[in-house]
Each structure stands twice: as C-alpha cells, then as structure tokens.
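Here's the structure, in structure tokens; my notes come after.
The values are calculated or read from the model by the stated rules, or taken from the named source; none is laboratory data. Everything numeric here is computed off the predicted structure, so don't read it as measured data. So basically every Cβ, Gly included, is an ideal-geometry build from the backbone, and we count neighbours across all protein chains shown.
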Amino acid sequence: MPEGLEAEIWRGACEPLVGRTIVAARVDERIAPAGFAEVVVGSLITGVRRVGKVVLIDTQRETPSGGSGDSLPIGLHFGMTGRLVVDGHAMIGQLSYASGRDAQEWDRCVLFTEPPPTVGADVPAVRLNDPRRLGRVTIDPDLSGLGVDIFEITAPVLAAAMARRSIALKAALLDQGVVAGLGNLLADEVLWWSALSPHRRANSLDLREAKRLTAAIRRRLPIMLRRGGSTTGVLSPDVRAALGACERDGQPLQRATIGGRTAVWCPAHQH
DNA sequence: CGGCATGTTTCGCC
DNA sequence: AGGCGAAACATGCC
C-alpha cells in the first residue's frame, strides 16, 4: 500500500498529535533501533513532516534542567504492507495485498500520548501495523540520499537526474535517489499518462519528454491523493491483475519485470 | 502448493 | 570507484 501518497495521507492524519507528549511506547525490537522506546518516551511532538515515503514525527526532549533539549525526528517507514492507524482511525481502509484484517500481533510500533485521543484514553495515538514486517521505525533517519520529492519535482531537475542513468526509465523512477516517493504503482501510472515506455533508457529522454513526465507527476498525483492514494489510478490493482485493455486506446496491456518489479504498460501508446 | 505482492538493503559482477 | 541487476528479507493471500 504505501507509496508517497499514502505517506502524505498519514502525515496529515498525524497533525493532531502536535503538542502532545509521548508517554509510553511498545515496539517490536526487530524493526527499531536499540533503545528506541527509551529515547522517545517523555518527548513532546512538535511537528509532522513527510519526505518521499517517510513520515517524520518531530520530537523535542526536555533537559534535566527544564530547558528544551535536542530535537529528534522519528522516522516511520512502511515497507510493502505497513500502515498507520492514528488515534484509532485507519485513514486507508484496505490493504490491496492483504485481507484488510487488523491483527494486534502485526502492531510493530505503538505510541501512547498525553493528552490521549478523544476517542479514548486507552487508544494508542499511533499504531504502525505491518504483517510482513518490512517496515521500520528510526530516529533521526539519514535522508540525504533521497532525490527530489514527488511534490517538488521540476522538469530540469528530473531531466538532469535521468541523464546520469543508463538503467530502464521505470527502474530510475523507482530509485528513491532520483525521485523520492514514487513506488511501483505510481511509476507505472505516470508513465502511462506521459506515454513513455518503461523500457526506455532513463538517459534517452529528451527535454520535451522530461517535461511530459514532470507534468504527469504534477497533474495526476494531487488527483490520486484526493481519491485516496496509489491504487486509484488508471492502472489500478484490479486492472493490473486482470491485465485488461488500455483505457485510452483499448489495446491490451502488457506486463514484464523491469528493475525487479512488475511493470504494466500499454505498448500501443507508450513509446 | 507455487507464485506473487504499493519496498529497501545487500551482495557480487563488471 | 561506482553503476547496475539479482537475491534476500518476511509474511499473507489467491
């Protein structure tokens, strides 16, 4: 489920947490750095941000002398199947590749706050629920390797990043060091809208094509965000699985593994 | 049962 | 050295 759009939805869901203090934390130590709970408990939540697919909860610890201490962001990374439940509200209902079940045993990081959510004092403020356990929580994650964020992209920046790579265009879009926040569904979606084949070499794009790709990202992502995320595009999970006809020209869609992931595209209009 | 899944990291080969 | 592709990770579902 989680690509940059889901992270953005969850970032927004986290805004009511600002101003609260983390008073307890339960964490699966296999997905957290050593001492995570000890570090975060007692800290004040001062802000929430998103960079690429990462949701960041900014926290501030009080020093023993009473002053405000170090500011530390908590990083929430969702892997393939992680999702966030904030104040008891699952902003995104269905995991497309899971049953939609919400088992407690899949809770990998649970945070309680003071004041608690209005829905109940025993309800966690934050639950990172992840059956497959590929998600992570981090403290002050290093985000320096990330490329331009999906909501900040410009044609010159994208063109420059692409020009340095000889890998498949689709693989380059999945590389978080090129564009931060695109995942497998969004990458196929923006390629469909910009009429570019996923097989193209990244460095074969001319400026006109880079502009087309940029325009697709800037136009389609806000629409899909409003609709509920990465699954709401033309190449929805249903369409991908059925490998139906292209909505634009009625031609059969094609499927292949590119950059280690399944790409779906229309060979009739994507070149 | 085999295969596949919205992701990231690591290993080995140029 | 650094780019690139494949494998590994971990678990559930069809």
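Can you list the strands (runs of 3 or more DSSP E) found entirely within the stretch A:107-192 that contain at least 1 residues being more than 17 Å from the chain's Cα centre (by Cα) and either touching a residue at least 40 places away in the same chain (Cβ under 8 Å) or away from DNA strand B (no atom under 13 Å from the Cβ) (or both)?
Working: elements: A:107-114, A:126-129, A:136-139.
Here the list reads A:107-114, A:136-139.
When A:ALA161 is tested against (1) modelled with pLDDT under 95; (2) surrounded by fewer than 18 Cβ atoms within 10 Å (Cβ to Cβ), only condition (2) is not met.
Look at the stretch A:5-17: where a residue is modelled with pLDDT under 95, no partner that is buried (at least 24 other Cβ atoms within 10 Å of the Cβ) sits 6+ places away or on another chain with Cβ atoms under 7 Å. Residues of the stretch A:88-106 that are at pLDDT 80 or above, over 14 Å from A:ARG133 (Cβ atoms) and assigned to a loop (DSSP other than H, G, I, E, B): A:GLY88, A:ASP102. Would you check if A:GLU209 is more than 24 Å from A:THR81 (Cα to Cα), in a helix (DSSP H, G or I) and modelled with pLDDT of 95 or more? When the stated conditions are applied, A:GLU209 passes them. Does the stretch A:171-194 contain any residue that is away from DNA strand C (no atom under 14 Å from the Cβ), among the polar types (S, T, N, Q) and within 30 Å of A:ARG30 (Cα to Cα)? No, because not a single residue in the stretch A:171-194 is away from DNA strand C (no atom under 14 Å from the Cβ), among the polar types (S, T, N, Q) and within 30 Å of A:ARG30 (Cα to Cα).
Taken over the stretch A:250-271, the criterion of being within 16 Å of DNA strand B (Cβ to nearest atom) and either over 21 Å from A:VAL178 (Cα atoms) or assigned to a strand (DSSP E or B) (or both) is satisfied by A:LEU253, A:GLN254, A:ARG255, A:ALA256, A:THR257, A:ILE258, A:ARG261, A:THR262, A:ALA263, A:VAL264, A:TRP265. Taking the criterion of being surrounded by fewer than 16 Cβ atoms within 10 Å (Cβ to Cβ) and away from DNA strand C (no atom under 13 Å from the Cβ), the residues of the stretch A:124-142 that qualify are A:ILE139, A:ASP140, A:ASP142. A:ARG240 meets each of the listed conditions (1) in contact with a helix residue (DSSP H, G or I) (Cβ under 6 Å, 6 or more places away or on another chain); (2) within 16 Å of DNA strand C (Cβ to nearest atom) apart from (1).
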